[in-house]
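Colleague: Here it is, the structure, as structure tokens.
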Amino acid sequence: MFEQGADAGSRFLGSFGEPCVGEVVAWRLNGPGTLALAATTTDAAGFAFTYYDAPLDSAGEATITAEVAF
């Protein structure tokens, strides 16, 4: 089976628009494929990323969810 992939990312901001730095982000995948990392940490700008691999021969949609527990 061959796969194709892409970066998946999200930005987390506080209530005043400031970046949330150093927060642990939990990633969840619903659907076909795999995520490279189940948890990552936000950077200085509030961004966190993981990598999504989708099988080429798969039908259906995948939903990726990112969550930070404050």
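The values are calculated or read from the model by the stated rules, or taken from the named source; none is laboratory data. As the structure is a computational prediction, the values presented were derived from the model and not from experiment. A quick note on method: Cβ atoms are made from the backbone with ideal geometry, for glycine too, and the neighbour counts reach across all protein chains shown. What goes into the accessible areas is simple: the full protein's heavy atoms, side chains included, and nothing from ligands, DNA or RNA. Shrake-Rupley method; radii C 1.70, N 1.55, O 1.52, S 1.80 Å.
Colleague: Starting at the first residue of the range 39-55, write each ³J(HN,Hα) from the Karplus equation 6.51 cos²θ - 1.76 cosθ + 1.60 with θ = phi - 60°, in whole Hz, x for Gly and Pro.
Modeller: These are the phi-based 3J(HN,Hα) values: 8, 9, 10, 5, 8, 5, 9, x, 8, 9, 9, 9, 10, 10, 9, 10, x Hz.
Colleague: So, one more: For the chain, which whole percent of the accessible surface, found with a 1.4 angstrom probe, sits on carbon and sulfur atoms?
Modeller: Its accessible area is 55 percent carbon and sulfur atoms.
Colleague: Whole number in Å², please: accessible area per residue of the chain, 1.4 Å probe, ligands, DNA and RNA not counted.
Modeller: 66 Å²
Colleague: Obtain the nm distance between the two label points defined at GLU61 and GLU23 by a simple spin-label model: each point lies 7 Å from its Cα along the Cα-to-C-beta direction.
Modeller: Going from the GLU61 label point to the GLU23 one covers 2.5 nm.
Colleague: Using Cα pairs closer than 8 Å and at least 6 residues apart in sequence, work out the relative contact order for the chain, in percent.
Modeller: Computed over the chain, the figure is 42 percent.
Colleague: Please say if the chain is rounded, prolate or oblate, where rounded means a/c under 1.5 for a ≥ b ≥ c the square roots of the C-alpha gyration tensor eigenvalues, and otherwise the choice is prolate for a/b larger than b/c and oblate otherwise?
Modeller: Values: a/c = 2.93, a/b = 2.56, b/c = 1.15.
Prolate shape, in that a/c is at least 1.5 and a/b is the bigger ratio.
Colleague: Let me ask something else. Report the extension gain between ALA69 and PHE16 in nm, rounded to one decimal, defined as 0.36 nm multiplied by the number of residues separating them, less their alpha carbon distance.
Modeller: Working: separation 53, 0.36 × 53 = 19.08 nm, distance 1.78 nm.
This chain segment gains 17.3 nm when fully extended.
Colleague: Between SER10 and residues 5 or more places away or on another chain, which pairs have amide H atoms under 5 Å apart, with H built 1.01 Å from N, and which residues are they?
Modeller: ALA48
Colleague: Something else about it: So how do 59-69, 45-55 stack up, highest first, on mean other-Cβ count within 10 Å? Intermediate results must be reported in sequence, preceding the final value.
Modeller: Working: 59-69: 11.2, 45-55: 16.5.
Packing proxy ranking, top to bottom: 45-55, 59-69.
Colleague: Could you give the nm distance between label points at ASP53 and ALA38, where each point is 7 Å from its Cα heading toward the beta carbon?
Modeller: Those two pseudo-labels are separated by 1.6 nm.
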